[in-house]
Amino acid sequence: MASETTGTQAIERAAQLLVRVVESAEPPSIGELSERAGLPKSTTSRLVGALERQGLVQRLGERGRLRPGPVLLRYAHRADPQTLIELARPALRRLADASGETINLAVPGAAGVEHLAQEDTAHFVGVTDWVGSRVPFELAANGKCFLAFGGAGCPQEDEIRRDGYATSVDELEVGLTALAAPVLGANGNAIAALSISGPTARLKARIPELAPLLTNEAHTLSQRLRGAA
């Protein structure tokens with residue numbers, strides 16, 4: 001009986017924390033969430049860890065601020081990964097044709113950027129299959145979009161929000177450059193991102209040329225995704 005009561009209490013506390021994360025005007029930290037909920041920080045951290053493992057919340061950036069996880073975001077926008085991929089296919093193809101480089105569709109995951117779909121480069125040099133891989137938020141162009149447009153913040157946040165895209169030059173790997181633009185939900189948070197990647201020697205100088213094409217496709221996909229909700 002005691003174990004059942006303890007289990008029910010843990011579920012209620014976890015649900016309380018989840019509601020606070022969803023309803024917070026600004027993404028809270030573990031400490032702030034602990035204080036607001038009146039729970040010990042260790043208990044809050046343990047419960048948030050359980051929610052995070054289930055994709056209900058996610059921690060972004062070095063400061064670890066909390067925002068709704070990919071499961072809730074997909075439900076809120078009524079777009080499962082397969083729907084998102086199908087809606088994004090035309091944009092991926094157009095960007096691949098226009099740039100000749102590798103194009104990816106990615107979403108924020110609990111442990112980093114998750115790549116869902118890809119159109120390959122027309123060149124021999126630069127062919128990498130990113131689908132199914134995860135990369136750190138802070139080092140990837142699409143990861144920076146999730147930080148800047150997800151409330152967790154990043155060093156280039158103001159610049160990224162102003163320009164509508166992020167870049168990563170020789171950060172994830174020396175010789176690799178990427179630029180990415182966020183696909184925004186109705187609340188202004190990034191629920192996905194489109195990116196162009198290729199060798200730095202070939203792509204870095206083309207960023208000013210390709211950025212407007214990329215941001216336009218991301219904006220169009222944002223509108224299509226909301227229409228599919």
Item to check | Exclusive hit being out of contact with any strand residue (DSSP E or B) (no Cβ under 7 Å at 6 or more places or on another chain), at pLDDT 85 or above and outside any helix (DSSP H, G or I), set Leu39, Leu66 | outcome: Leu39
Checklist entry - When both residues are 6+ apart or on different chains and their Cβ atoms are under 8 Å apart, which pairs have a first residue that lies in the range 34-47 and is closer than 11 Å to Arg20 by Cβ, and a second that is open to solvent by 70 Å² or more (accessible area, probe 1.4 Å) and outside any helix (DSSP H, G or I)? => result Ser34/Pro40
Next on the checklist: So for the range 131-153 (the condition being modelled with pLDDT under 95, within 11 Å of the chain's Cα centre (by Cα), surrounded by fewer than 16 Cβ atoms within 10 Å (Cβ to Cβ) and not charged (D, E, K, R)), does at least one residue qualify?
Outcome noted: yes
Next on the checklist: Given the criteria out of contact with any Phe, Trp or Tyr (no Cβ under 8 Å at 6 or more places or on another chain), farther than 26 Å from Gln82 by Cα and at pLDDT below 95, does Phe124 qualify?
Outcome noted: yes
Checklist outcome for this item: Condition set farther than 23 Å from Glu26 by Cβ, under 17 Å from the mean Cα position of the chain (by Cα) and of a type in the set (Val, Ile, Thr), scope the range 165-212, selection most open to solvent (accessible area, probe 1.4 Å): answer is Thr167
Checklist entry - Of all residues in the range 73-109, how many are at pLDDT below 75, of a type in the set (A, V, I, L, M) and buried (at least 19 other Cβ atoms within 10 Å of the Cβ)? => result 2
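May I ask you to list the residues in the range 145-180 that are polar (S, T, N, Q) and farther than 14 Å from Ile207 by Cα? I'd like the intermediate steps shown before the answer.
Here is the first cut: in the range 145-180, the residues polar (S, T, N, Q) are 156, 167-168, 177.
Hit for the range 145-180 is Gln156, nothing else.
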Checklist outcome for this item: Within the range 1-57, residues exposed (fewer than 13 other Cβ atoms within 10 Å of the Cβ) and in contact with a Lys or Arg (Cβ under 7 Å, 6 or more places away or on another chain) come out as Gly31
Checklist entry - Is one or more of the residues making up the range 156-169 at pLDDT 90 or above, among the β-branched types (Val, Ile, Thr) and part of a strand (DSSP E or B)? => result yes
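The values are calculated or read from the model by the stated rules, or taken from the named source; none is laboratory data. Only a predicted model underlies this, so the values are computations on that prediction, with no experimental measurement involved. In this analysis, Cβ positions are derived from the backbone assuming ideal geometry, glycine residues included, and neighbour counts consider all displayed protein chains. For the accessible areas, the whole protein counts, side chains as well, though only heavy atoms, and no ligand, DNA or RNA atoms are used. Shrake-Rupley method; radii C 1.70, N 1.55, O 1.52, S 1.80 Å.
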